[in-house]
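One structure coming up, written as C-alpha cells, with questions to follow.
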Amino acid sequence: ERAIAELIASEMVSAERPENHMNLALLYVQMGRTTEAESELQTALRLDPNFVPAMVNLADVYRAQQRDEEGQRWLEKAISVAPNAAEPIHALGLLKTRQKQYPEALGLLAKAASLQPNNVRYSYVYAVALNSTGHADGAIAVLQQAHQRRPADRQILMGLISFERDKGNLPSAIMYAQQLVQLVPNDPDAKAILTELQGQGR
C-alpha cells in the first residue's frame, strides 16, 4: 500500500500531463479499481482530446465492463485521429469479432497486422480469425510470414503446428514441432507434442 501510494504521488507531480493519468489508470486496472481507472483516462482525454493511447485503454476498460458500445465509439474516434495507428484498429477488430461481425473484423485485423508487421501478436490474432472462419490456408500463410520475421516466437510455432495438423499436413506439423523442441529443449509439453505427431505419422 505504501509503495502504491508513493507511485501515485510521483505520477501526480506532473498532473498536467495526460501520460501520467494514463499510467495511474493502468495501475488501477491492475488493482481491479476500474472506476478510478476510467476517471483517470477521462482526465487524460480532457487534457489532450486526441490522446490515442488513452482512448484505446478506455475502450479496454469498457470491454471488461461489457460496455462495448461506448468502447467502440472511442476506438472509432482514435482511428479518425490516427488512421495509421495499428492498436485501435486491432482493438476494434477484436470488438467486431466479439459482436460476430466477422467480415468487418477480418478486414480490421488484417489492416492492423499489415501496419505493424513486426508485432507478431497482431499476425497471430489475424491468423486465428482466418482459421476460425474457414480460411486455413490463409491463416497458415500469415503465420509463415510471421515465423520468418520471428523464428523464435513460441506462439507462432504453436499456431503453425496446430493449423498444419488440423489440415492433415503432418510432415509440416512435425517440422514446426521439431523447431519448437529446439527452441525450448527442456519443455516437456513441446516434446509431448512432437512425440504425438510422430506417432500419428507412422
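Is it true that V52 is under 19 Å from the mean Cα position of the chain (by Cα) and more than 22 Å from S123 (Cα to Cα)?
When the stated conditions are applied, V52 does not pass them.
While we're looking at this one, here's another question. Which residue, of A146, A152, A141, is under 17 Å from V120 (Cα atoms), buried (at least 17 other Cβ atoms within 10 Å of the Cβ), of a type in the set (A, V, I, L, M, F, W, C) and within 20 Å of the chain's Cα centre (by Cα)?
Sole residue among the options that is under 17 Å from V120 (Cα atoms), buried (at least 17 other Cβ atoms within 10 Å of the Cβ), of a type in the set (A, V, I, L, M, F, W, C) and within 20 Å of the chain's Cα centre (by Cα): A146.
Give the number of residues within the stretch 45-67 that are part of a helix (DSSP H, G or I) and either modelled with pLDDT under 95 or open to solvent by 70 Å² or more (accessible area, probe 1.4 Å) (or both).
Count: 5.
Scan the stretch 163-174 and tell me whether some residue there is of a type outside the set (D, E), on the phi > 0 side of the Ramachandran plot and out of contact with any Phe, Trp or Tyr (no Cβ under 9 Å at 6 or more places or on another chain).
Within the stretch 163-174, one or more residues are of a type outside the set (D, E), on the phi > 0 side of the Ramachandran plot and out of contact with any Phe, Trp or Tyr (no Cβ under 9 Å at 6 or more places or on another chain).
Could you please find all residues in the stretch 155-175 being of a type in the set (S, T, Y) and either in contact with a Lys or Arg (Cβ under 9 Å, 6 or more places away or on another chain) or open to solvent by 60 Å² or more (accessible area, probe 1.4 Å) (or both)?
S172
Something else now. Just wondering, is there one or more residues in the stretch 121-129 that are touching a residue at least 12 places away in the same chain (Cβ under 8 Å), open to solvent by 40 Å² or more (accessible area, probe 1.4 Å), of a type in the set (V, I, T) and in a helix (DSSP H, G or I)?
yes
Pairs please, first residue from the stretch 70-83 and under 9 Å from V52 (Cα atoms), second anywhere and modelled with pLDDT of 95 or more and open to solvent by 40 Å² or more (accessible area, probe 1.4 Å), Cβ atoms under 7 Å, 6+ apart in sequence or on different chains.
Close Cβ pairs (under 7 Å, with a partner that is modelled with pLDDT of 95 or more and open to solvent by 40 Å² or more (accessible area, probe 1.4 Å)) amount to V81/N50.
Report, by residue number, each residue of the stretch 94-108 that is open to solvent by 40 Å² or more (accessible area, probe 1.4 Å), in a helix (DSSP H, G or I) and in contact (Cβ under 8 Å) with a residue 24 or more places away in the chain.
If the condition is that a residue be open to solvent by 40 Å² or more (accessible area, probe 1.4 Å), in a helix (DSSP H, G or I) and in contact (Cβ under 8 Å) with a residue 24 or more places away in the chain, then L94, T97, R98, Y102 are the ones that fit.
Kindly establish whether S162 is without any contact (Cβ under 8 Å) to a residue 12 or more places away in the chain, closer than 22 Å to G107 by Cβ and hydroxyl-bearing (S, T, Y).
So S162 fails the test.
The values are calculated or read from the model by the stated rules, or taken from the named source; none is laboratory data. Just so it is clear, the model here is predicted, and its values are computed rather than measured. Cβ: placed from backbone, ideal geometry, glycine included. Neighbour counts: every protein chain shown. Just the protein is used for accessible areas: all its heavy atoms, side chains included, with ligands, DNA and RNA removed. Shrake-Rupley method; radii C 1.70, N 1.55, O 1.52, S 1.80 Å.
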